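Participant: Below you will find the structure I want to go over with you.
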Amino acid sequence: MAAVAAAAGTFARRMARSGVLFPRSSPQVWPQAARQPPGLLPAQRRAFSNNKILVELDTSSGVATMKFKSPPVNSLSLDFLTEFCISLEKLENDRACRGLIITSAIPRVFSSGLDITEMCGKSTEHYAEFWRAVQEMWIRLYGSNLVTVAAINGSSPAGGCLIALSCDYRIMVENPKYVIGLNEAQLGIVAPFWFKDTFVNAVGHRAAERSLQLGLLHSVPEAHRMGLVDEVVPEEKLQEKAVAVMAQWLALPDHARQLTKSMMRKTFRTLSSSHPKTPSRSHFQRTWRC
Ligand SMILES: CCCCCCCCCCC/C=C/C(=O)SCCNC(=O)CCNC(=O)[C@H](O)C(C)(C)COP(=O)(O)OP(=O)(O)OC[C@H]1O[C@@H](n2cnc3c(N)ncnc32)[C@H](O)[C@@H]1OP(=O)(O)O
């Protein structure tokens, strides 16, 4: 328990060093239109970057694009998760930002999911901090007030699929090599209940039951048929489609859309108000045999 508390403190300190407020307990309501401070020349584009993620915000449309750029496969390491939360928080605190498109700058992979090397041969404190960061990523993205669109331009297993599922809309590139799903059972592990719930919310109980028990990674057409992704496009149309979908969602008044989203996703507060028990060191060791 002390280790969990220490890890929570460490993660909070990482976030605090970035200048980001942490944690935010209740959803914020943003103005309906992107606004510029009076008297300033409008800067059309703002960008910030770290070694894992690149973010570009178009202040005229209010749409930011977040690109994962962590070779080789955008695995979700502690550093990646921390940078993700910092970047998302920065955008949420930026009054010019109303929507976020998440995509990958790495060819053929959206995200390979949790970084397996973070779950082997580390201290109890590290596991606790890592697990806390995984939960925080999901809480922040699933509960975000921004319109979130996943532009999935590569394979997206396990934690990568969770990121896509946490968005409001998923568009995937049609490519016979790409797969998406929660394959934890294939790895001999169990997707946590909040992974499972997010999956069920997208595809329904029966499809989720089969897919999760078999740890299936679905082809793009199959993922589309079952509702795991909302739309499928050729690679060269992905950006255009994501922008068009975003425009459709941003045409609504922010407050009505945000409150509706918050109502639909209210169960996430159960996790955000009481982080579930962090898996123990022995649990990780048994699971990954390390
Ligand atoms: C109550 C709670 C109980 C808790 C129990 C503990 C466990 C909790 C965790 C539960 C939830 C888990 C969620 C996860 O996300 S687990 C991770 C699952 N991910 C995968 O299974 C993906 C595996 N990777 C792939 O399928 C392919 O790599 C991919 C399709 C993504 C890309 O294929 P490609 O052919 O392009 O690349 P390679 O396979 O050659 O890989 C390149 C290098 O990248 C390394 N790699 C791949 N995936 C990962 C990863 N997830 N973490 C770290 N590293 C990864 C791979 O080893 C290659 O490295 P080398 O070049 O050094 O060999």
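Participant: What does the C-alpha gyration tensor say about the overall shape of segment 74-172? Classify as rounded when a/c is under 1.5, otherwise prolate if a/b is larger than b/c, or oblate.
Facilitator: oblate
Participant: For segment 182-221, list residues with backbone N below 12 Å from a point placed 7 Å from the Cα of residue 120 toward its Cβ?
Facilitator: none
Participant: Taking the Cβ of each residue in 199, 68 as the centre, tally the other Cβ atoms inside 10 Å and list the residues starting with the fewest.
Facilitator: Numbers: 199 22, 68 26.
Ascending number of Cβ neighbours within 10 Å: 199, 68.
Participant: Using just the alpha carbons, could you tell me how many Å³ per residue the convex hull of segment 121-236 encloses?
Facilitator: 115 Å³
Participant: Based on alpha-carbon centroids, what's the gap between segment 202-264 and segment 74-145 in Å, whole number please?
Facilitator: Taking the Cα centre of each part, segment 202-264 and segment 74-145 sit 19 Å apart.
Participant: How big is segment 192-236 in terms of Cα radius of gyration and Dmax, in angstroms?
Facilitator: 11.2, 36
Taken together, the values in this text are just the output of simple stated rules run on the coordinates, not laboratory data. Given the structure is predicted, the values throughout are model-derived calculations rather than measurements. With ideal geometry, Cβ positions are generated from the backbone for all residues, glycine too; neighbour counts draw on all protein chains shown.
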